[in-house]
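Asks: What follows is a single structure, and I will ask about it in a moment.
The values are calculated or read from the model by the stated rules, or taken from the named source; none is laboratory data. What you see is a predicted model; the values in this text were computed from it and never measured. A quick note on method: Cβ atoms are made from the backbone with ideal geometry, for glycine too, and the neighbour counts reach across all protein chains shown. Keep in mind that these areas ignore ligands, DNA and RNA; they rest on the heavy atoms of the full protein, side chains included. Shrake-Rupley method; radii C 1.70, N 1.55, O 1.52, S 1.80 Å.
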Amino acid sequence: MTLLQTTPTVPIIPPDSVHEAAKNMITQMQTDPEAFWNGVMQEATQFGLKVLAAIVIYIVGAWLIGRLKKVLRSIFERRNTERTLASFVTSFVSIALTVLLIIVIISTLGVDTTSLAALLAAGGMAIGMALSGTVQNFAGGIMLLTFKPFKAGDFIAAQGFSGKVVEVNITATKLLTVDNRVVILPNGALSNGTIDNYSARPLRRVEWQVSVAYGSDAAQCRETILSMLNEDPRVLQADTDMDALYEELKISSFQLSTTGYRMEAIPAPFVALSTLNANDITFVVRVWVRATDYWDLYFAMQQRFYSELPEAGFQFAYPHVDVTMLKSEI
C-alpha cells in the first residue's frame, strides 16, 4: 500500500497595497520618469479642479442657504408666526441643507458617499434608539407648535400643574406658577395629555355657590344678590355691544371667524335657588366677564356676599344639632 503524503497548504498573504503602490511608483519613476511626472501633473490638475469646484459649490450653497433663511424669517414676520415655530423651522431647514451641501462637496472631491450615507443612517438609528424619549418630546413639540393648543402668555393646567406659559421650545414647555415656581413639562407627555387653557377665550363665566339659612326669603335674597352683581361694572350685561367689546379686547377678524370663538350676545346675570341641603339652601350665581377680570371679580364678590348678605338679613347656616332637654319628674 502506498501512503500519499500531503503537504500542508500555507495561506498566501496578499502584499500590502500601500507598499505595492509605492514600489510601483518607484519602478515607474526609474524606468520612465517623464511619463511618471506627466501622470502626477495630470492627477494634480484634476484634483485641483475638483477642489476649485468644491470651493465654488460651498460658496454658492452657503449664500443660498443664508438667503433662504432670510426669506423664511421675512415670511414668518409678515404672518406673525409664533417665534418658537419660526426659529425651529428656520434652524431645521438650515441644518438639513448644510448637511446636503457637505455631502455634495464630498462627492465633488471624488469621495464615494455611499458608505458615508450608510454610516449616517446607522448613526441616526443608534442615536434615535438611545434618545427615544427625546425624539418623543421632539415630535410632541412639533405637534404643539403646529396645532397651537396654547401660546406663550396663556394660563394653562396640564400634567397636574397650572401656570402661565413663559416658553415653548421644541422639547419642553416652561410654566410659571402662581407662587413663582418654574415647572418644565416634556412636550411628549404634554401633547398626549389633557390641556386646560384658561386664556383661550377672551370672555369667561364666573360661578359662585351661595348658601343661606332656612327661613330666608328666597326671592328677596335673589334680588339682593342680583343688585350686587349689577353694581359692579366688570359684570357684562345682556345689552353689551359685542362689536365694541371685541374691538376693545383687540380681537382680530380672523379669530372671530373661528368656530365657537365669537359670542353673539352676553347672557344676563343669573341667580337661582339650586339645592336644598340638610342645613341650608344654596343659590347658584353666574355672570360673564372679561377673562382678565375673572379672579378679581370672583374674590371681590365673595367678600361682598360675606359682608353684605348678613346686613340685609340673610344669615349663613352652619351644621348644628338642636338638643331638647326633657325635665323628668322624680
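Asks: So which pairs qualify, if the first residue must be in the stretch 231-247 and in contact (Cβ under 8 Å) with a residue 40 or more places away in the chain, the second must be open to solvent by 50 Å² or more (accessible area, probe 1.4 Å), the Cβ gap must be under 7 Å, and the two must be at least 6 apart or on different chains?
Replies: 236/288
Asks: With the structure loaded, tell me whether residue 280 is surrounded by 14 or more Cβ atoms within 10 Å (Cβ to Cβ) and over 18 Å from residue 215 (Cα atoms) or whether it fails that test. Spell out the reasoning first.
Replies: Working: surrounded by 14 or more Cβ atoms within 10 Å (Cβ to Cβ): yes; over 18 Å from residue 215 (Cα atoms): no.
Against the criterion (surrounded by 14 or more Cβ atoms within 10 Å (Cβ to Cβ) and over 18 Å from residue 215 (Cα atoms)), residue 280 does not qualify.
Asks: Another question, then. Counting only residues that are assigned to a loop (DSSP other than H, G, I, E, B) and out of contact with any helix residue (DSSP H, G or I) (no Cβ under 6 Å at 6 or more places or on another chain), how many does the stretch 296-322 have? Walk me through it before giving the result.
Replies: Of all residues in the stretch 296-322, those assigned to a loop (DSSP other than H, G, I, E, B) come to 312-322.
Add one more test, that the residue is out of contact with any helix residue (DSSP H, G or I) (no Cβ under 6 Å at 6 or more places or on another chain), and what stays is 313, 315-322.
Looking only at that region, the number is 9.
Asks: If a residue has to be outside any strand (DSSP E or B) and either closer than 22 Å to residue 241 by Cβ or of a type in the set (Gly, Ala, Ser) (or both) to count, how many in the stretch 282-295 make the cut? Can you show your working first?
Replies: Of the residues in the stretch 282-295, the ones outside any strand (DSSP E or B) are 291-295.
Subset that is either closer than 22 Å to residue 241 by Cβ or of a type in the set (Gly, Ala, Ser) (or both): 291-294.
Within the stretch 282-295, residues that are outside any strand (DSSP E or B) and either closer than 22 Å to residue 241 by Cβ or of a type in the set (Gly, Ala, Ser) (or both) number 4.
Asks: Can residue 20 be described as open to solvent by 80 Å² or more (accessible area, probe 1.4 Å), farther than 30 Å from residue 90 by Cβ, among the charged types (D, E, K, R) and at pLDDT below 85?
Replies: Values: open to solvent by 80 Å² or more (accessible area, probe 1.4 Å): no; farther than 30 Å from residue 90 by Cβ: yes; among the charged types (D, E, K, R): yes; at pLDDT below 85: yes.
It is false that residue 20 is open to solvent by 80 Å² or more (accessible area, probe 1.4 Å), farther than 30 Å from residue 90 by Cβ, among the charged types (D, E, K, R) and at pLDDT below 85.
Asks: Test residue 156 against the criterion of being open to solvent by less than 70 Å² (accessible area, probe 1.4 Å), within 15 Å of the chain's Cα centre (by Cα) and modelled with pLDDT under 80, and give yes or no. Give the steps one after another, and end with the answer.
Replies: On the way: open to solvent by less than 70 Å² (accessible area, probe 1.4 Å): yes; within 15 Å of the chain's Cα centre (by Cα): yes; modelled with pLDDT under 80: no.
Answer is no for this residue.
Yes/no per residue for (1) loosely packed, with under 11 Cβ neighbours inside 10 Å; (2) in contact with a Cys (Cβ under 7 Å, 6 or more places away or on another chain); (3) of a type in the set (S, T, N, Q); (4) modelled with pLDDT of 75 or more:
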residue	(1), (2), (3), (4)
54	no, no, no, yes
59	yes, no, no, yes
63	yes, no, no, yes
67	yes, no, no, yes
79	yes, no, no, yes
84	no, no, yes, no
